[in-house]
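Single-structure report; data block below.
The values are calculated or read from the model by the stated rules, or taken from the named source; none is laboratory data. Given the structure is predicted, the values throughout are model-derived calculations rather than measurements. Cβ placement follows ideal geometry from the backbone for every residue including glycine, while neighbour counts extend to all protein chains displayed.
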Amino acid sequence: MDVPELVDSGRDDLWIVLPHLGAGGAQKVALIAALHFAAQGLKVKLVTLIPGHPVAHALPDGIPLLELGAPTHRSWWARGGRFTLAQLDKLIRLLFQLQLRWFGGWFQGRVDPGAGGLAMQLFRVGTEATAGFRFRQLRRQLRRQRPHRILALLTRTNITCCCAAWDLPIHLVVSERNDPSLQLLPEVWQRLRPLAYRRADVVTANTAGVLSALDGMGAWQRLALLPNPMPGVPASGVGSGASNAIGFITVARLVPQKGLDVLLAALPRLSGAAAAWPVTSVGDGPEREMLQQQAQDLGVSGRLRWLGFRSDPERFLADAAVFVLPSRFEGMPNALLEAMAAGLAVIVTDASPGPLEVVEPRVSGLVVPSDDPVALAAAMQELASDPERCRRMGAAARQRIAALDWPQLEPLWRSILALS
């Protein structure tokens, strides 16, 4: 869509839309970008789609937040109407899923922002039912407030924004944050993505690997790499903690994707200096109790600190020597970038190409096979036995991440968001 020049029209220059402001790397990127562009005098607004979600990140001063909450009318008629609409949405969503499954090729040739006809009518009805009240509320606000630009983050939010802004004159950028070849969505969302993304002016990813996976999924208006920004990264130096810092640290949500169960399985295999190093887990999630029980069963509970979610993980990175991320799939995890910026040697898996774009094996960190506690233990043992090597790797990691500082990335971000 054509975007007007930056003038004081009273309309917002940029909306950054995401599911919620809970824990997560996408939330950090949203706040970093909002703060940066607001400081340059742009009218920036954060928009969240999931009502009632716990807020893990403080909202920067001067940046408004639009929370698209659930309907609040409490009358019997209003509640009955919402229930009836929700049941109708479920039925239409199921029928739409079957249509996409059986007639996907037919839709592929007929769904386009400039098209009409039966396929587009079915698509519009099906997408509204799939995204439900979030679609309706977002579309209502887009038509009312008419922002010039949208940056959407995370897949379902991306799809919802594409459908809500389908025929509106808004420059729309969507951002994939995980490897779509490994991250499975519910079927209707999985089939809807390549159709909905046709509305996006730019489809972006934060790693070349994710970009490559997207390239084979559909015909986009424009496909572009949009790396995560890291504000204020020094270009050189050693680790940010004390020179004699020891210990392993992982910063991750406690979900199967992050592979913390593999890390726990590796701990009993450590010996010597590595066995004496403490292990700190920063992050929370639905697997916390199960992982703590696993640690107890393995006899390693005494070596672990479970800190839960923290908004200031850099404070704990400063006290560690090695960052461990045994993920089963990733996009470009902010926690990894923050650990490298803090000057830590890192251990990552080969499960996804994203981390391998910033971690140079045996220079800034070690790479091990996914789901392999034996290989992970060997890597942890190797680094713990050579603190000087950890410091050299940490310095190399920090130098690598300096390329992601805002001054390096801003021209690209401004171009993709049509701000230049």
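Overview of values
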| quantity | calculated |
| --- | --- |
| ALA418 under 30 Å from ALA224 (Cβ atoms) and of a type in the set (A, V, I, L, M, F, W, C) | yes |
| Answer residue from the range 228-260, given it is polar (S, T, N, Q) and surrounded by 14 or more Cβ atoms within 10 Å (Cβ to Cβ) and is modelled with the highest pLDDT among those | THR250 |
| Which listed residue, of LEU46, LEU21, is buried (at least 17 other Cβ atoms within 10 Å of the Cβ), at pLDDT 90 or above and part of a loop (DSSP other than H, G, I, E, B) | LEU21 |
| ALA34 vs. criteria under 26 Å from VAL17 (Cβ atoms), surrounded by 17 or more Cβ atoms within 10 Å (Cβ to Cβ) and either at pLDDT below 90 or small (Gly, Ala, Ser) (or both) | yes |
| Filter result (assigned to a helix (DSSP H, G or I) and surrounded by fewer than 14 Cβ atoms within 10 Å (Cβ to Cβ)) within the range 96-123 | LEU98, ARG101, TRP102, GLY104, GLY105, LEU118, GLN121 |
| Number of the condition not met by LEU264 [criteria: (1) assigned by the TED database to the domain that holds ARG310; (2) at pLDDT below 95] | (2) |
| Within the range 365-391, considering residues that are within 17 Å of GLU338 (Cα to Cα) and modelled with pLDDT under 95, the one surrounded by the most Cβ atoms within 10 Å (Cβ to Cβ) | CYS390 |
| Residue within the range 324-343 that is in contact (Cβ under 8 Å) with a residue 12 or more places away in the chain, part of a strand (DSSP E or B) and either in contact with a strand residue (DSSP E or B) (Cβ under 8 Å, 6 or more places away or on another chain) or over 18 Å from VAL368 (Cβ atoms) (or both) present | yes |
| Residues being surrounded by fewer than 16 Cβ atoms within 10 Å (Cβ to Cβ) and of a type in the set (D, E, K, R) - total across the range 276-305 | 3 |
| Test result for THR130, β-branched (Val, Ile, Thr), assigned to a helix (DSSP H, G or I), in contact with a helix residue (DSSP H, G or I) (Cβ under 6 Å, 6 or more places away or on another chain) and more than 22 Å from GLY22 (Cα to Cα) | yes |
| Selection count where residues are at pLDDT 95 or above and part of a loop (DSSP other than H, G, I, E, B), scope the range 392-418 | 2 |
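Residue-by-condition table, conditions (1) in contact (Cβ under 8 Å) with a residue 40 or more places away in the chain; (2) out of contact with any strand residue (DSSP E or B) (no Cβ under 6 Å at 6 or more places or on another chain):
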residue: ALA152; (1), (2): yes, no
residue: ARG156; (1), (2): yes, yes
residue: CYS163; (1), (2): no, yes
residue: ARG198; (1), (2): yes, yes
residue: VAL202; (1), (2): yes, no
residue: ALA213; (1), (2): no, yes
residue: ALA224; (1), (2): yes, no
